[in-house]
1. For each pair in K234/K261; K208/K234; K176/K234; K176/K229, compute the distance between the two Cα atoms and list the pairs where it is over 24 Å.
2. So with the 1.4 Å probe, I'd like the accessible area per residue for segment 67-209, rounded to whole Å².
3. So what's segment 60-142 giving for Cα Rg divided by 2.2 N^0.38 Å, two decimals?
4. For segment 64-119 and segment 181-207, compute the distance between their C-alpha centroids and round to whole Å.
5. Select from segment 168-244 those trypsin sites (Lys or Arg not before Pro) which occupy a DSSP coil region and have at most 11 other Cβ atoms within 10 Å, ordered by residue number.
Amino acid sequence: MIKRSRILLGAVAAGALATAGTVTAMGAEDSGTGKAEAKTKAASAGAGVSTKGGSAAVGTYNEFSRLDQRSAGQFGSGDSVAGQWSWRTEPSGEYTINWEQKEPENRERFRRSKDGEWLLLDGWGKKGHTYYEQRVTSEKIGDADCTNMKALPSEGDRQHYVRWNIPAEGYCLDAKGTIQEEKGGKTINFRHRQVWSPPAPCSNATFKDRSCITQHEIWWDDNNHPYEKTLDRKVQLAKGLGMAFRIDQSFPKQWSAEMTKQWDY
């Protein structure tokens with residue numbers, strides 16, 4: 001049986017600790033992006049979305065995530081530590097991130113697309129032990145309010161997780177597919193909808209006057225329950241610092257955390 005936390009780890013590992021507890025069934029998929037958010041991003045809507053990068057880049061994902069460095073950080077609230085992350089580049093060239101100190105080889109695995117334009121998600125877990133492959137059956141990309149959606153060509157059925165070169169306008173990604181343990185087992189159906197926003201000023205209690213990109217993501221699956229929405233949250237990544245600069249979760253319950261420490265190893 002695949003644990004709910006493991007499913008959430010594959011999509012959005014930083015908040016798995018916050019999703020424990022009862023999840024209210026939502027049934028059919030909702031619209032994802034609220035009206036208020038759509039209004040704030042109206043300026044980028046209708047500009048047309050290219051699958052090849054579009055407008056001039058205003059940064060690169062590795063500058064904000066620090067995935068190509070041996071970087072690490074902790075996040076929490078006050079003196080309470082909610083979790084820790086660390087990046088590592090594998091001999092294969094994959095970028096892998098761990099969110100569990102007690103299981104250092106339990107890692108999400110990413111790779112650059114052949115054209116270098118995208119970071120693709122392969123899956124998560126322990127390779128050769130218990131590894132969950134995530135594969136898409138359909139993917140679309142559109143404006144920041146999730147309009148003008150167009151199909152994304154597949155690359156090995158791996159999810160287009162984020163653009164490598166950050167465009168000046170926000171964009172929406174909507175992926176549907178399946179998750180299965182590589183050695184067999186039940187198939188989980190999922191949907192992962194993301195809105196990525198360009199760099200903007202950000203601060204938290206520990207780190208002031210930074211620049212962040214923001215990921216607003218919503219996740220649906222049928223893992224041991226009817227197909228339903230299981231997660232809705234926003235995550236900031238800070239340039240030069242990395243992951244989980246701030247997490248604001250609105251579903252299944254209100255929860256927030258922010259980066260408290262960052263280091264290289």
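The values are calculated or read from the model by the stated rules, or taken from the named source; none is laboratory data. Bear in mind that the values here come from a model prediction, so they are computed numbers and not experimental data. No Cβ is skipped: glycine too gets one built from the backbone with ideal geometry, and neighbour counts run over all protein chains shown. The protein model used for the area step is the full one, side chains on, heavy atoms only, and it has no ligands, DNA or RNA in it. Shrake-Rupley method; radii C 1.70, N 1.55, O 1.52, S 1.80 Å.
1. On the way: K234/K261 20 Å; K208/K234 19 Å; K176/K234 20 Å; K176/K229 13 Å.
The answer is none of them.
2. Values: 6110 Å² over 143 residues.
Counting only protein heavy atoms, the per-residue value for segment 67-209 is 43 Å².
3. Working: Rg = 14.3 Å, N = 83, 2.2 N^0.38 = 11.8 Å.
Relative to the rule-of-thumb radius for its length, segment 60-142 sits at 1.21.
4. Spelled out, the Cα-based centre of one part sits 12 Å from the other.
5. Numbers: sites: K176, K183, K186, R191, R193, K208, R210, K229, R233, K234, K239; in loops: K183, K186, K208, K239.
Here the sparse-neighbourhood loop sites are K183, K208.
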